[in-house]
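Asker: Here you go, one structure.
Values quoted throughout were computed directly from the atomic coordinates according to the rules given, and no laboratory measurement underlies them. Just so you know, these numbers come straight off a predicted model, no measurement behind them. Cβ atoms come from the backbone with ideal geometry, glycine included; neighbour counts cover every protein chain shown.
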Amino acid sequence: MASQEDIFKKLIAHCKEYGFVFPSSEIYDGLGAVYDYGQNGVELKNNLKRYWWDAMVLLNENVVGIDAAVFMHPTTWKASGHVDAFNDPLIDNKDSKKRYRADVLIEELLAKYEEKIQKEIAKAAKRFGDNFDERQFRETNPRVLENQAKHDQIHARFVKALNDSDLAELKAIIIDYDVVDPISGTKNWTDVRQFNLMFSTEMGSAADTAMKIYLRPETAQGIFVNYLNVQKTGRMKIPFGIAQIGKAFRNEIVARQFIFRMREFEQMEMQFFVRPGEEMKWFEHWKQLRLKWHKALGLGDHKYRFHDHDKLAHYANAATDIEFELPFGFKEIEGIHSRTDFDLSSHEKYSGKNIKYFDPELNQSYTPYVIETSIGVDRTFLSIMAASYEEELLASGESRIVLKLPPALAPVKAAIFPLVRKDGLPEAARSILEQLKFDFKCTYDEKDSIGKRYRRQDATGTPICITVDHQTLEDNCVTVRHRDNMRQERVPIHSLHHLINEQVSLKNLFKKIVE
Ligand code: ATP
């Protein structure tokens, strides 16, 4: 069986070969952790963004959207705390000259202990069969107990070091537990240093009047500085939310996992403004709703889990991640944070403007509290690609690569083929495309055998293929072939629109969220 690493490599190659994701400026050998989306990637990405946007602003009467600029007044980032505190702890290995995030090295160490425990449990479960009692095993097995104790020891030190911003202690953990560089295999580490992740540039033409500005490291602040504008012009009543999709930029220290960690990426964020004291209720509400949104994609419920934060950011009083099982383990794809009134209060202080809300029901003014849902477009894209990619062995002994993408997100919804390139079949096929193109992204293909054409569409995840043959000219029926089960059926041309719509409508996903 192929290792997870091999599968991930294949997935990256597939993304390139089929026009989903290319390294940025590839003809110049690329740019670290920057990627471009190709002709299929951009369609999938747009569909994903539409799925999120509509789930926010259509399904929730009290959520509206905005689109703020990437550039913002520099004081924004002073007020938000990013100038002073948006740092990652970095460490270098002196032999390999590679740079790592110290916190990530320790998280990986913790994951190794968890893996060891899981392996023992899996072995025992197999041995004892139905009689296996996992709790008892965890409480009594010496090897599990030993690994759990080590794990808990490291975890306790790690959390304390993070909360105290104790960089020397982070290094001490790395040294004490023999963390080696995966490349050089040595423990020859530098000290841990803080590194600010914001990119900066200058605005203005003359050197003496130029102003240092930042490329936003999160889209959230564009929402906070527009809170009053939206609340007033939209006559919004608390609770309400503001949603936004846009680019964010972070000078990530380590960027080795394809589009999982990029220096330019896209976020879909929603800030939900609530009464102080009600934030935990809304935190729970959005946690559950966001998980439903993910699960509605049908990638497998078992691939998601919540992971509560060990260290709360300076602005938060509760935070959890939705993690997804990628080929390199469970990783964060979305964060849900209870941000208190930190941001609005801080902007009020720095700007000198009154950002309070008058609550007519309470007859009282207050600074709203905020629940944030923050999801990465690119990480979600990766999770969808990873879960959809399959190398399938067919009954015929042949194999095929198929992307079992959620049909509503597939880049192309239907491919239309003439069986042969003559006898009026191309014209008939094109006339079907002309009818369908107003509602669905379709493609026309007349090259190679039908089997090869099916394979090409399977590899890009097209849910439906439509073949026009000689009989079509007589009975106005076509052969429809379905991607996942390869089933074929004969259907009248006039029913195609309905048939495709039934499969690819985003409504199918929305219904699962609201049910
Ligand atoms: P990590 O701990 O992995 O660096 P984070 O906790 O800093 O992530 P947030 O600040 O909570 O991430 O950002 C919200 C979301 O934005 C993340 O869940 C992720 O999907 C996305 N995101 C953050 N950084 C990146 C990045 N460098 N590349 C791609 N997506 C990112």
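Asker: Please tell me the relative contact order of the stretch 2-148 in percent, rounded to the nearest whole number, where contacts are Cα pairs under 8 Å and at least six residues apart.
Answerer: After rounding, I find 10 percent.
Asker: By how many nm would the segment from ILE7 to ARG138 lengthen if fully extended, with 0.36 nm per residue of separation less the alpha-carbon distance?
Answerer: That works out to 44.0 nm of additional length.
Asker: Residue separation times 0.36 nm, minus the C-alpha to C-alpha distance between ALA85 and GLN471: what's the value?
Answerer: Contour length minus Cα-Cα distance gives 132.1 nm.
Asker: Hey, got the dipole for the chain? About the Cα centre, +1 on K and R Cβ, -1 on D and E Cβ, debye to the nearest 20?
Answerer: With Lys and Arg at +1 and Asp and Glu at -1, about 360 debye.
Asker: For the stretch 10-32 and the stretch 185-210, compute the distance between their C-alpha centroids and round to whole Å.
Answerer: Centre-to-centre distance over Cα atoms comes out at 27 Å.
Asker: Assuming a ≥ b ≥ c are the square roots of the Cα gyration tensor eigenvalues, decide whether the stretch 396-514 counts as rounded (a/c under 1.5), prolate (otherwise, with a/b larger than b/c) or oblate.
Answerer: Judged from the Cα gyration tensor, the stretch 396-514 comes out oblate (a/c at least 1.5, b/c at or above a/b).
Asker: Turning to a different aspect of this structure: In percent, how large is the relative contact order of the stretch 396-514, given Cα pairs closer than 8 Å and 6 or more residues apart?
Answerer: Worked out over the stretch 396-514, it gives 30 percent.
Asker: Please give, to one decimal in nm, the separation of the simple spin-label points placed at ASP423 and ARG305, each 7 Å out from Cα toward the Cβ.
Answerer: 5.7 nm
Asker: Oh, and also: Can you give me the angle between helix 425-436 and the longest principal axis of the chain, using Cα atoms only, in degrees from 0 to 90, rounded to the nearest 10?
Answerer: Value to nearest ten degrees: 40.
Asker: How far, in nm, would the chain grow between ASP208 and ALA156 when pulled straight, counting 0.36 nm per residue and subtracting the alpha carbon separation?
Answerer: 13.8 nm
Asker: Between the stretch 69-139 and the stretch 355-384, what is the separation of their alpha carbon centroids in Å?
Answerer: Cα centroid to Cα centroid, the span is 27 Å.
Asker: For the chain, take the longest principal axis of its alpha carbons; what is the angle in degrees between that and the long axis of helix 39-57, to the nearest 10 within 0 to 90?
Answerer: Taking the Cα atoms of the chain, the angle to 39-57 is about 60 degrees.
Asker: Return the Rg/Rh value of the chain, two decimal places, where both radii are evaluated on C-alpha atoms and Rh is the Kirkwood radius.
Answerer: Radius of gyration relative to Kirkwood radius: 1.01.
Asker: Okay, moving on. Among DSSP beta bridges whose residues both lie in the stretch 360-511, state the antiparallel percentage, nearest 5.
Answerer: About 65 percent, rounded to the nearest 5.
Asker: Average projected area of the Cα convex hull of the stretch 321-433, in nm²?
Answerer: 15.5 nm²
Asker: Once both labels are modelled 7 Å past Cα along the beta-carbon direction, what's the ARG487-THR186 spacing in nm?
Answerer: Modelled inter-label distance: 6.2 nm.
Asker: Would you please state which residues of the stretch 124-139 a label at LEU145 would reach in this model, taking the label point 7 Å out along Cα→Cβ and a backbone N cut-off of under 12 Å?
Answerer: Those under the cut-off are 137-139.
Asker: For the stretch 279-306 and the stretch 425-479, write down the distance between their C-alpha centroids in whole Å.
Answerer: Value for the Cα centre distance between the two parts: 37 Å.
Asker: Next question. Give the angle, between 0 and 90 degrees and rounded to the nearest 10, that separates the Cα long axis of helix 4-17 from the longest principal axis of the Cα atoms of the chain.
Answerer: The angle comes out at about 60 degrees.
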